[in-house]
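Let me begin by presenting the structure, written as structure tokens, before commenting on it.
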There are 2 protein chains.
Amino acid sequence: MSAKDEILRCARDIYLENGLSGLSLRAVARCAGVTAPAIYRHYDDKEDLLWAVCEQGHELFARYLGRGLRGGDPRARLIETGLGYLDFALEHRAYYVIMFVAPPSHFGLDRLAERSADENGATFQMLVDRVRECMDAGVIAPGDATAAAVIIWGHVHGLVTLEQRLPTDPDARRVAAPDPVATEAKFRELYRRSLDALIDGLGPR
Amino acid sequence: MSAKDEILRCARDIYLENGLSGLSLRAVARCAGVTAPAIYRHYDDKEDLLWAVCEQGHELFARYLGRGLRGGDPRARLIETGLGYLDFALEHRAYYVIMFVAPPSHFGLDRLAERSADENGATFQMLVDRVRECMDAGVIAPGDATAAAVIIWGHVHGLVTLEQRLPTDPDARRVAAPDPVATEAKFRELYRRSLDALIDGLGPR
DNA sequence: ATCCGACGTGAACAGTGTTAACGTCTCCGC
DNA sequence: GCGGAGACGTTAACACTGTTCACGTCGGAT
């Protein structure tokens, strides 16, 4: 395994475990068995290294979104895409955060902002395709497929990010350890139902 | 004006202008005409100071949400609340980012995470009230008002955060300066339509 | 007059990302 | 075989960060 790969592996593990605040170049170097400046032989700077981590995330993400193609009819394919999105967000929260949540420019990560905008454009295209399919099949009212795709992405993205900030289950407010498994199942249910409701709302009158 | 107020004012201005990465204690101190350690006479640490900035944001935010009460019927009040949310997010992006977007725990801001969760719970209650009103009036199908509120908040929150990451208008991809005013108007339109569609979807069959 | 607490200071510490100067290998052409 | 070149790593240092410590300097209450 090359030193470059080893550095990336360490950066990824440290980030996924400790978040951005735990990701220091010296920590990465220590883990990889080198000193900090050695990293600069392989990556331009910290932002560049972080981007390499993001790229691995996007690769993983693409596989989750790909599940959408398994659905039988257009509506099922769109919903299945939404569920793949949810699974990725729940199973790989840390990845999801850098890739879609944390606004890079506010943390001085300007290049990362650009690059991830491009990447987002690609996944967005996948969603637009599913939406257009639904429009052709009469599941969604004909119109601007791009706009509808923004609405749907916004919807699922919002639910997922909100789930990470709210207790979600208000009964569990301030009750110790609100059994994450149960509330996650509840949230999945809610996610699914709301996706249905939204698509209904976007359907022909 | 007390020194404490002056420090807070500087911290707010610097943050709103330069984002989190530009907010250094020494910069705040310089602006306020003191040295960095003086800040510790008034705030526990940087996180505490940042929280004070957030509090001002929440105060402002409450006024925007309050507009929802102007609506005539329950549905109008719910939509008006959603539009107030949008206005705040668009007119005070930087505030919106710390308050609702950036996940504090990933940046080592644990206390801020707790505190803002509490604050979010409060605004959430306001939304639940509007939803319950709609259920009573038959605008939204009867059921769990909290769940419906999560869905709606997730929806608007997702659209707003997405707008900050996507070009929104795909025609403007990579075209220089895609006239922010025009695309903002377009986005408002899309936001409003999708909110309508979602509430339709949540209505009785 | 004296103590005290509030407020501010300069110096210092550990940690950060990053750069410069210096080695040490390996491989390639002569 | 020899010399040069390039890839890769090191140590030392710089400027910056949040934070703490010991020291002052006031104003007000006793």
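Please order A:Met126, B:Met99 by the number of other Cβ within 10 Å, starting at the fewest. Intermediate results must be reported in sequence, preceding the final value.
Numbers: A:Met126 15, B:Met99 22.
Going from sparsest to densest Cβ surroundings: A:Met126, B:Met99.
Against chain A, whose longest principal axis is taken from its Cα atoms, helix A:3-18 shows a tilt of about 60°. Taking the longest Cα principal axis of chain B as reference, the axis of helix B:46-66 is set at about 30 degrees.
With the radius of gyration and the Kirkwood radius both derived from the Cα set of the protein assembly as shown, what is their ratio Rg to Rh? If you can, show how the numbers build up before the last one.
Numbers: Rg = 22.0 Å, Rh = 22.6 Å.
Dividing the radius of gyration by the Kirkwood radius yields 0.97.
For a quick check, take a GNM of chain A with Cα springs below 10 Å and name the residue from A:Arg77, A:Arg63, A:Arg165 with the largest mean-square fluctuation. Checking each option, the largest mean-square fluctuation is seen for A:Arg165.
Going from the fewest other Cβ atoms within 10 Å to the most, the residues B:Leu16, B:Leu60 appear in the order B:Leu60, B:Leu16. By the count of neighbouring beta-carbon atoms within 10 Å, fewest first, B:Arg67, A:Arg130 end up ordered B:Arg67, A:Arg130.
The angle between the Cα long axis of helix A:74-91 and the longest principal axis of the Cα atoms of chain A comes to about 30 degrees, rounded to the nearest 10. Between copies, the label points of B:Met1, set 7 Å from Cα on the Cα→Cβ line, lie 5.4 nm apart, reported in increasing order to one decimal in nanometres. A quarter of the convex hull surface defined by the alpha-carbon atoms of the range A:1-43 gives 2.6 nm² as the mean projection. When chain B is treated as a GNM with alpha-carbon contacts under 10 Å, the residue of B:His155, B:His106, B:His58 showing the greatest mean-square fluctuation is B:His106.
Starting from the Cα coordinates of chain A, work out the convex hull volume and express it per residue in Å³.
On the way: hull volume 29.6 nm³, N = 205.
In chain A, the Cα convex hull volume per residue is 145 Å³.
Inter-copy label distances for A:Leu60: 3.6 nm (label point placed 7 Å from Cα along Cα→Cβ; shortest first).
Calculated from the alpha-carbon coordinates, the range A:3-103 shows an Rg and a Dmax of 16.4, 54 Å respectively. Modelled this way, with points 7 Å down the Cα-to-C-beta line, the labels at A:Gln125 and B:Ala117 are 4.0 nm from one another. Placing a label point 7 Å from Cα along the Cα-to-Cβ axis, A:Gly121 is separated from the same position in the other copies by 4.3 nm, shortest listed first.
Quick one: if the Förster radius is 41 Å, what FRET efficiency do B:Glu55 and B:Val181 give, using the C-beta to C-beta distance and rounding to 0.05?
Values: r = 31 Å, r/R0 = 0.76.
The calculated FRET efficiency here is 0.85.
Cross-link partners of B:Lys46 among lysines, defined as those whose alpha carbon lies under 18 angstrom from its own and excluding same-chain residues fewer than eight positions apart: B:Lys4. The amide H of B:Gly108, built 1.01 Å from its N in the peptide plane, has A:Ser21 as neighbours under 5 Å, considering only residues 5 or more places off or on other chains.
Just so you know, all these numbers are worked out from the coordinates, no wet-lab data involved. Keep in mind that what you see is a predicted model, and the values were worked out from it rather than measured. Glycine gets a Cβ as well: all are built from the backbone with ideal geometry, and neighbour counts include every protein chain shown.
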